[in-house]
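Q: There's a structure below that I have some questions on.
The values are calculated or read from the model by the stated rules, or taken from the named source; none is laboratory data. Here the structure is a predicted model, which means the values were calculated and not measured. Note: ideal-geometry Cβ built from the backbone for every residue, glycine included; neighbour counts use all protein chains shown. Surface areas here come from the heavy atoms of the whole protein model, side chains and all, with no ligands, DNA or RNA. Shrake-Rupley method; radii C 1.70, N 1.55, O 1.52, S 1.80 Å.
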Amino acid sequence: MKTRTALILLVLVVLALVPMSTRFDGPRVGSKKFTESVILGDLVTLLAEQAGVEVLHARELGGTRILFDALRAGEIDVYAEYTGTITQEILAGQGVSDAESARAVLAERGILMSKPLGFNNGYAIGMIETTAARLGIRTISDLGRHPDLVFGFSNEFMDRGDGWPSLKEAYGLPQRNVSGMDHDVAYRQLENGTLQVMEVYTTDADIRYYGIRMLEDDRQHFPRYDAVLLYRADLAEREPAMHAAMLALEGQLSEVEVMALNAQARLKHVPEKKVAADFLQSHFGMEVGTADETVWDRFWTHTREHVELVRLSFLLAVVFGLPLGILAAKRPRAGQVILAAVGIVQTIPALALLVVLIEPAASLGLPSVGAGSAAAICALFLYSLLPIVRNACEGLRGVSLDLRESAEALGLSPWARLRLIELPLASRTILAGLKTGAILNVGFATLGALIGAGGYGQPILTGIRLNDYGLILEGALPAAGMALVVQGIFELLDRLAIPRGLRLARA
Amino acid sequence: MFELRQATRSFAATLAVDGVDLSIAPGRTTVLIGPSGCGKSTLLRLMIGLLAPTRGTVSFDGVEVNPASAPDLRRRMGYVIQGGGLFPHLTARENVALVAAHLGWERSRIKDRVDELSRLARISEDVWERYPIQISGGQQQRVALLRALMLDPNVLLLDEPLGALDPMVRADLQRELKEVFVTLGKTVVMVTHDMSEAAYFGDIIVLMKEGSIVQSGTFQELDQAPADPFVTRFIRAQQSLTAS
Ligand SMILES: Nc1ncnc2c1ncn2[C@@H]1O[C@H](COP(=O)(O)OP(=O)(O)OP(=O)(O)O)[C@@H](O)[C@H]1O
Ligand SMILES: [Mg+2]
């Protein structure tokens, strides 16, 4: 009995700690969670590889905040950003209004900015080409002559600083029939004629798909969102070949070209890496081979990443959760505090928790974003604590007073009573808590993809972005499968760890 | 053995034990008896130190029973709670051997001691390997008693050892138990609410009511020279029950 339990524990610990993959220590490229950013990341990656540098592309890490923090923390070395985002968001409130002063401020923080890559991905006002031609509308000012046009804008644009209110003022637009709606819905309404004018992003693949004319911003109302590369100041010194290779992108990408690349990926479902390789071939005449990843390759990668997230976070949850549960059962006051604390953790939204944890993880020198992210592991650890702590506490409190009294009257010390009597008697409830914790953990681990930690959540998120149900299933099915496997393992564990006398009592 | 001085224990508003003075003589069997809820179990718990008195003192062999001294003193006491209190996750043998094994006794020594106890209480070999749920109520009581005897304590504290048994088994076990007490010559404090059982076992009978001792003495003394009308009422009530 004792040796068996010890053996089980040993196997679990070994499984949880044996490294499954070595950490990549070459330069890393990051990308945000949208198609264009991923393609730009792949372009940089392929260029570096052509220059003979092995790099890792940490794909779809998250939004601006996460990428920029990761860059500053040295988690990634380079990613593509937009000048408008730099001045309006990253350096907001620091009185930086143009790209050149932004360059200087960033340089002080050890971050360099490339020259513009050549395209602007900003806001524009769009109309169906035929309608615009019929009405003779070429510039935004021209809209003033047609007060009956119906406008539809994304909700964000309706109240952004550079959105509709200021646009209306800048051009003195008279239209009154203006409503907020989902961006994709707006495209469809534009197509069927319910509305005639909407805002677009200048490199949206949909612009070509729907045949949209972008009106000239003749009063320069919209800020420019010129794509640039942001990279760490020491990159030129550390990886001169890569540095030179990636800067070859400067001034090479036009809006039309990028729009076509986006369309390839978004509308024709060509993998981003292939889209990038094709561009390098046609534009620079580079012969870039991209081995086609099979579904199985991806499955194994995601499985490895997912297991990596689950096993360490779960082991930590057990190592901390069981003692906390025991403490909570033995000290009712502390118990209230402990149970309340682990309960509150459950109510924190996953993304918020992940983002909050990135900074401390990075400052401890742990990988904070990307595969094996300490922030993701820590968040998962916190999420799986509740069932473990609560069941351990409930299980121990559920041991009858009679039996606890008998054990005490036998002269056993508190520690011996816990080990020999109370824990075995509570084992069923404790194991049920571990099982719930593990299954929750497998499910929650899909959220790790929110900060690029990979796993089954990755295809799910990408699938949502590309509206590709196949990809969504590619993540959802194995995640469900893994939950079943975990359930099975715990059913086996029940047999090994719950004393026979208790299992008889159940029958 | 035990000396109780004004021992009192209250739970919130309930006075479970109220100012009890009692000394337990060595080598004799003392029976605590009284109506349900009069504080018998609580008194036993005070003696083994599972509860601390809210007032007064309890001492064992001249040492005050308190949280510091209790763990050591308990090695010299065997206690069987109301209902036996066998651990359901351990077999009968493991239940009995638990503490000895924890104290590091050698296997052979444990086996010899369990064999010895087996003869004392007539437990067959196959019962030893079963779990509590798989053995009868009478056997459970025997095993619980043997668990209390394993370390050869100086005193046995038994809370209604024959409580929930059917009359036939009960009669058998009464005889067996008496035999054990006589053979071992141990000090026994035993709780019951049955007067004939008290008369059968008790060298001294302690009759309690609402937390206090009404009278203590031999059955003859209680029957012939009752200290209070309650004593006679209690004895009569039980006799009329037996008669009907
Ligand atoms: N832990 C406790 N908390 C509160 N009240 C208690 C507790 N233990 C006992 N009591 C109360 O103290 C009184 C004496 O209880 P005790 O168990 O000692 O009675 P008893 O004589 O053993 O009764 P019975 O013959 O039914 O076993 C009862 O009123 C009981 O409700
Ligand atoms: Mg009682």
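Q: Please express the Cα-Cα pair-distance distribution P(r) of chain B as a list of whole percents, one per 10 Å bin, running from 0 to the bin with the greatest distance.
A: Spelled out bin by bin, chain B gives 7, 31, 35, 21, 6, 0 percent.
Q: For peptide B:89-95, what's the mean number of Cβ atoms from other chains within 10 Å of each residue's Cβ? Could the numbers behind the result be given before it?
A: Numbers: counts 16, 8, 3, 0, 0, 4, 3.
So the per-residue partner count for this stretch is 5.
Q: Given Cβ point charges of +1 (Lys, Arg) and -1 (Asp, Glu) and nothing else, what value in debye, to the nearest 20, does the dipole of the stretch A:247-404 about its Cα centre take? Mind showing how you got there, number by number?
A: Values: 13 positive and 14 negative charges, 257 e Å.
Magnitude of the dipole: close to 1240 debye.
Q: Here is a follow-up. Rounded to the nearest percent, how much of the accessible area of chain A (1.4 Å probe, protein heavy atoms only) is carbon and sulfur? All intermediate terms of the calculation are to be shown ahead of the outcome.
A: Details: 13670 of 23090 Å².
The value for chain A is 59 percent carbon and sulfur by accessible area.
Q: Sum up the charges of everything whose Cβ sits under 11 Å from the Cβ of B:Gly39, counting Lys and Arg as +1 and Asp and Glu as -1, but leave B:Gly39 out.
A: Working: positive: B:Arg9, B:Lys40, B:Arg45, B:Lys209; negative: B:Asp18, B:Glu210.
Surrounding charge for B:Gly39 is +2.
Q: In addition: Suppose we keep just the DSSP beta bridges with both residues in the stretch A:123-214; what percent of those would be antiparallel, to 5?
A: Values: 7 of 13 bridges.
Taking every DSSP beta bridge with both residues in the stretch A:123-214, the antiparallel ones total about 55 percent.
Q: By how many degrees, 0 to 90 and rounded to 10, does the Cα axis of helix A:64-73 deviate from the longest principal axis of chain A?
A: Helix A:64-73 and the main axis of chain A meet at about 70 degrees.
Q: Then there's this: May I ask what percent, to the nearest 5, of DSSP beta bridges between residues of the protein assembly as shown are antiparallel?
A: 55
Q: So how far, in whole Å, is the C-alpha centre of the stretch B:89-168 from the one of the stretch A:112-167?
A: One Cα centre to the other: 89 Å.
Q: Sort the stretch A:123-214 into rounded, prolate or oblate with this rule: let a ≥ b ≥ c be the square roots of the eigenvalues of the Cα gyration tensor; rounded if a/c is under 1.5, and if a/c is not under 1.5, prolate when a/b is larger than b/c, oblate otherwise. Before the final figure, lay out the partial values.
A: Working: a/c = 1.44, a/b = 1.09, b/c = 1.33.
The shape class here is rounded.
Q: Can you give the relative contact order of the stretch A:123-214 as a percent, counting alpha carbon pairs under 8 Å and 6+ residues apart? Walk me through the numbers before you get to the answer.
A: Working: 132 pairs, mean separation 42.0, N = 92.
After rounding, I find 46 percent.
Q: Longest exposed-loop-site-free stretch of chain A, with chymotrypsin sites (Phe, Trp or Tyr not before Pro), DSSP loop and at most 16 other Cβ within 10 Å? Let's see the in-between values first.
A: Working: sites that count: A:Phe24, A:Phe34.
Free of exposed loop sites, the longest segment is A:35-507.
Q: Still on this structure: Counting only C-alpha contacts under 8 Å and six or more residues apart, can you give the relative contact order of the stretch A:289-379 as a whole percent? Before the final figure, lay out the partial values.
A: On the way: 50 pairs, mean separation 22.7, N = 91.
Normalised by residue count, the contact order of the stretch A:289-379 is 25 percent.
Q: Filter A:Lys330/B:Lys111; A:Lys32/A:Lys168; A:Lys33/A:Lys273; B:Lys40/B:Lys178; A:Lys115/A:Lys168 down to the pairs with a C-alpha to C-alpha distance above 23 Å, please. Don't skip to the end; give the middle numbers.
A: Numbers: A:Lys330/B:Lys111 35 Å; A:Lys32/A:Lys168 31 Å; A:Lys33/A:Lys273 15 Å; B:Lys40/B:Lys178 21 Å; A:Lys115/A:Lys168 32 Å.
Table pairs above 23 Å Cα-Cα are A:Lys330/B:Lys111; A:Lys32/A:Lys168; A:Lys115/A:Lys168.
Q: Can I ask one more? Charges only on Cβ, +1 for Lys and Arg, -1 for Asp and Glu: so what's the dipole of the stretch A:295-506 about the Cα centre, in debye to the nearest 20?
A: 660
Q: I've got another one for you. Provide the FRET efficiency to the nearest 0.05 for the B:Thr183-A:Ala483 pair, computing r from the beta carbons and using R0 = 60 Å. Walk me through the numbers before you get to the answer.
A: Working: r = 61 Å, r/R0 = 1.02.
For R0 = 60 Å, the calculated efficiency reads 0.45.
Q: Note down the net charge around A:Val356, summing +1 for each Lys or Arg and -1 for each Asp or Glu among other residues with Cβ under 13 Å from its Cβ.
A: Working: positive: A:Arg65; negative: A:Asp69, A:Glu359.
Cβ neighbours under 13 Å give a net charge of -1.
Q: Can you tally the net charge around B:Phe60? Count Lys and Arg as +1, Asp and Glu as -1, for every other residue whose Cβ sits under 11 Å from the Cβ of B:Phe60.
A: Working: positive: B:Arg74, B:Arg76; negative: B:Glu3, B:Asp61, B:Glu64, B:Asp72.
Residues close to B:Phe60 contribute a combined charge of -2.
Q: Run the paramagnetic zone check for A:Leu135: 7 angstrom along Cα to Cβ, then residues of the stretch A:196-235 with backbone nitrogen under 11 Å.
A: Hits in the stretch A:196-235 for A:Leu135 at 11 Å: A:196-198.
Q: Which one of B:Phe230, B:Ser59, B:Ala97 is farthest out on the positive end of the charge dipole of chain B, using unit charges on Cβ (Lys, Arg +1; Asp, Glu -1) and the Cα centre as origin?
A: B:Ala97
Q: Sticking with this one: Taking beta carbons within 10 Å but only from partner chains, what does the mean come to for residues B:70-81? Don't skip to the answer; put the middle values down first.
A: Values: counts 3, 5, 1, 1, 5, 2, 1, 3, 3, 6, 2, 6.
For this peptide, the per-residue mean of nearby foreign Cβ atoms is 3.
Q: With a cut-off of 8 Å between alpha carbons and a minimum separation of six or more residues, what is the relative contact order of the stretch B:89-244 in percent? Could you put the intermediate results ahead of the total?
A: On the way: 139 pairs, mean separation 25.6, N = 156.
The normalised contact order for the stretch B:89-244 reaches 16 percent.
Q: Also, I was wondering about something else. Which residues among the stretch B:93-136 fall inside the zone where the amide N is under 13 Å from a point 7 Å beyond the Cα of B:Asp152, along Cα→Cβ?
A: B:109-110, B:112-114, B:116-117
Q: I would also like to ask the following. Of A:Leu215, A:Ala438, A:Asn120, whose Cα points farthest to the positive end of the dipole of the protein assembly as shown (charges on the beta-carbon: +1 Lys, Arg; -1 Asp, Glu; origin at the Cα centre)?
A: Of the listed residues, the answer is A:Ala438.
Q: Here is a further query. Once you have the Cα-Cα distance between A:Phe299 and A:Glu100, take 0.36 nm times their residue separation minus that, and quote the gain in nm to one decimal.
A: Working: separation 199, 0.36 × 199 = 71.64 nm, distance 4.45 nm.
Difference between extended and current length: 67.2 nm.
Q: Here's a follow-up. Give me the one-decimal nm value for the distance between modelled label points at A:Ile348 and A:Leu17, 7 Å along each residue's Cα-to-Cβ direction.
A: About 2.7 nm separates the two model spin labels.
Q: Grab the Cα-Cα distance for A:Ser179 and A:Arg500, subtract it from 0.36 nm times how many residues apart they are, and report the gain in nm with one decimal. Could the numbers behind the result be given before it?
A: Values: separation 321, 0.36 × 321 = 115.56 nm, distance 6.79 nm.
Full extension from A:Ser179 to A:Arg500 adds 108.8 nm.
Q: So, how do all the Cα-to-Cα distances of chain A break down into 10 Å bins, in percent, from 0 on up?
A: 4, 16, 22, 21, 16, 10, 7, 3, 1, 0
Q: What distance in nm lies between label points placed 7 Å from Cα along the C-beta direction at A:Lys274 and B:Leu103?
A: 7.7
Q: Could you size up the charge dipole of chain A around its Cα centre, putting +1 on the beta carbon of Lys and Arg and -1 on that of Asp and Glu, and report it in debye to the nearest 20? Mind showing how you got there, number by number?
A: Numbers: 47 positive and 55 negative charges, 587 e Å.
Once rounded to the nearest 20, the dipole reads 2820 debye.
Q: Mind checking which aspartates and glutamates have their Cα closer than 16 Å to the Cα of B:Lys209? Skip sequence neighbours fewer than 8 apart in that chain.
A: B:Asp18, B:Asp21, B:Asp194, B:Asp228
Q: Using alpha carbons only, how many degrees (0 to 90, rounded to 10) separate the axis of helix B:137-149 from the longest principal axis of chain B?
A: 90
Q: Take every Cα-Cα distance within the stretch B:112-165, group them into 5 Å bins from 0 onward, and report for each bin the whole-number percent of pairs it holds.
A: Taking all Cα pairs of the stretch B:112-165, the binned fractions are 4, 18, 31, 24, 17, 5, 0 percent.
Q: Would you calculate the separation in nanometres between label points at A:Ala241 and A:Glu169, each defined as 7 Å from the Cα along the Cα-to-beta-carbon direction?
A: Taking the two extended label points, one gets 5.4 nm.
Q: Further question: Taking the Cα of A:Asp218, stepping 7 Å toward and past its beta carbon, and measuring to each backbone N in the stretch A:99-137: which are under 19 Å?
A: From the stretch A:99-137, the list is A:124-137.
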